[in-house]
Amino acid sequence: MAKDLTVVLKDRPGTLADMGEALGRAGINIDGICGVHCQDETAIHILVEDVDGARRALEASGIEVSDEREVLIMEVEDRPGVVGDVARSLANAGVNIELVYLATNTRLVIGADDLDKARAAV
């Protein structure tokens, strides 16, 4: 089962390349990725199938994995409004979305406060 890993990278040229190369050398495919810059760091979320292999490859390269979480992964149609539809269904079920990004093959990745409730709602 794919999971979301959070990696915090220093804000300087080459850190994302280092992360990608470490995973590539280990044969780990990145199925989804999102990055958010804040002050002198960037939080990178990556969706990977081989969580243990990714963690080993990153840590062997001196890149710390700061969080690992189970996420809801949904195949969605590529059309206007689909994110709003999904978010409204989750909101109506009382689910708080904490993380969202798109992955390969038009999949929506959602981190939520209650994944069981989120799965039942969509």
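Restricting to the range 9-25, name every residue that is buried (at least 16 other Cβ atoms within 10 Å of the Cβ) and closer than 22 Å to R69 by Cα. Full working, then the answer.
The initial filter retains those residues of the range 9-25 that are buried (at least 16 other Cβ atoms within 10 Å of the Cβ), namely 9, 15, 19, 22-23.
L9, M19, A22, L23 - these are the residues of the range 9-25 that are buried (at least 16 other Cβ atoms within 10 Å of the Cβ) and closer than 22 Å to R69 by Cα.
Any idea how many residues of the range 30-49 are loosely packed, with under 13 Cβ neighbours inside 10 Å and either assigned to a strand (DSSP E or B) or among the small types (G, A, S) (or both)?
Matching residues across the range 30-49 total 3.
Under 6 Å between Cβ atoms, which residue pairs at least 6 apart in sequence (or on different chains) link something in the range 30-46 that is outside the structural domain of T104 (by TED's automatic domain parsing) with a partner that is of a type in the set (S, T, N, Q) and not in a strand (DSSP E or B)?
That search, which allows pairs on different chains as well, returns D31/T104.
Tell me which of these D52 doesn't satisfy, since it passes every other one: (1) at pLDDT 95 or above; (2) loosely packed, with under 15 Cβ neighbours inside 10 Å; (3) within 17 Å of the chain's Cα centre (by Cα); (4) not in a helix (DSSP H, G or I).
Going through the list (1) at pLDDT 95 or above; (2) loosely packed, with under 15 Cβ neighbours inside 10 Å; (3) within 17 Å of the chain's Cα centre (by Cα); (4) not in a helix (DSSP H, G or I), D52 breaks only (4).
Using the structure shown, decide if E59 is touching a Lys or Arg at 6+ places or on another chain (Cβ under 7 Å), free of Cβ contacts under 8 Å to residues at least 40 places away in the same chain and assigned by TED's automatic domain parsing to the domain that holds D18.
Judged against the criteria, E59 is not a match.
Evaluate the range 72-83: report whether one residue or more is modelled with pLDDT under 95 and surrounded by 12 or more Cβ atoms within 10 Å (Cβ to Cβ).
No, the range 72-83 contains no residue that is modelled with pLDDT under 95 and surrounded by 12 or more Cβ atoms within 10 Å (Cβ to Cβ).
The values are calculated or read from the model by the stated rules, or taken from the named source; none is laboratory data. Note that the structure is predicted; figures quoted are calculated from it, not measured. Neighbour counts run over all protein chains shown; Cβ positions are idealised from the backbone, glycine included.
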